[in-house]
Amino acid sequence: MTEQTAAPTAATEEAPEQELPSAGAEPAAAAEPAPATDVQAAEPAPATDVQAAEPVQVTESVEAAQPVPAAQPVPAAQPVPVAESVQAAEPLAAPEQALAVAEPVPAPKSSRRVLRAVARWTAAVLVLGGLGTGTALGITSMERTDVPGLATEGDGRWDYPELSLPALPAGSPRPFNEANVAEIHHADLRKLLIPAPAGATADKKLTGGWVSTPQFVSEFRKDKRGELTQLLDDSALRHIAARGWTMPDGTRSRVYLLQFNSTAYAQGLRDDTYVSSTPGIPLDWPTDLQLDESWNAGGKVPETVVYAFGESKNGKGRIHEAYIQAGDTLALVIHSQQGKKIAEQIPFRQTLILQNQLLG
């Protein structure tokens, strides 16, 4: 009994660092399994150390090869290499640019489609430019009255060619020049005749040349022709030029120019053929003509005299007649319509004004 009690005391002395069980613990049963617990805890330690080291090595290798911030993980739908290439090519400094990069980039259009589109638009611009230029040139080359929208409604005037005064002999003045006191027309009388308007049919007897006295007298009444012929013989008549034509509407026009040796003879015949409000020697017409009181001598050249007549005082009727006295020359202008149609007053006055300008 004594030997058994001493043995545990010696064992206790050999391990002074071992903690004694507390007073409330079980005596021998709790102390025996201590060595076994130490063995089991020591054995798994190496394994635990290995497992803790391996994750550290893996994490360090990933971070070294591909640095990715822990707060912003890369989504699976957007591979990291693509994001890295975009960031490397286009570094973004503003939030708006970051949003633009996040949006999908559209695929570039085909170069052929772009070239075809450019070619089509270029062709269209050239065609439209050519049309615009052609239209502008066409409009600028047209007369104002021929441009749609700008044309003035026709008033019945005839389309006469552009008029010009004939050349004079060397050293000869115009009839109303200060150096020409006698008011003589030195130009060829035939070139002072008004030309026929466009669309006219020329009179075969009155072609713009010289005519005889009987031809001129035939325009008057038969019972007055002898008297008129005698007046012409007594007034030192030099020659007569005449032109006639017929318009598509049936208007017949005749213009006579009578030139005398002096202005006094021309004025004397004018006074004999014009008497007060009616012609002294009437034309060969069924009705008598009256002085046209509506004629205001518009367009009359200074130093010339114009007397206009018609079947009424306002110039209306089937016939119009007028005398122009300009220096040594007396002109007779006649427009007439056969039947019941009224002769237009506007072309008659137009002819009268233009012939007056040629003589002035």
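For the pair Thr229 and Lys204, a Förster radius of 25 Å applied to the C-beta separation gives a FRET efficiency near 0.60, rounded to the nearest 0.05. If a spin label sat at a point 7 angstrom from the Cα of Ala170 along the line to its beta carbon, the backbone N atoms of the stretch 179-194 nearer than 18 Å would be those of 186-188. Straight-line reach from Lys341: which lysines have a Cα under 30 Å away, not including same-chain ones fewer than 8 places off? Straight-distance partners of Lys341: Lys204, Lys205, Lys222, Lys224, Lys300, Lys313, Lys316.
Extending 7 Å from Cα along the Cβ direction at Arg120 and again at Ala264 yields two label points whose distance is 9.1 nm.
Within the stretch 219-360, what whole-number % of the accessible surface is contributed by carbon and sulfur, with the 1.4 Å probe and all protein chains included in the calculation?
Working: 2770 of 5850 Å².
Carbon-and-sulfur percentage of accessible area, whole number: 47.
The values are calculated or read from the model by the stated rules, or taken from the named source; none is laboratory data. Because the structure is predicted, anything quoted here is derived from the model rather than measured. Don't worry about glycine lacking a Cβ; one is built from the backbone with ideal geometry, like all the others, and counts go over all protein chains shown. Only protein heavy atoms, including side chains, enter the accessible area calculation; ligands, DNA and RNA are left aside. Shrake-Rupley method; radii C 1.70, N 1.55, O 1.52, S 1.80 Å.
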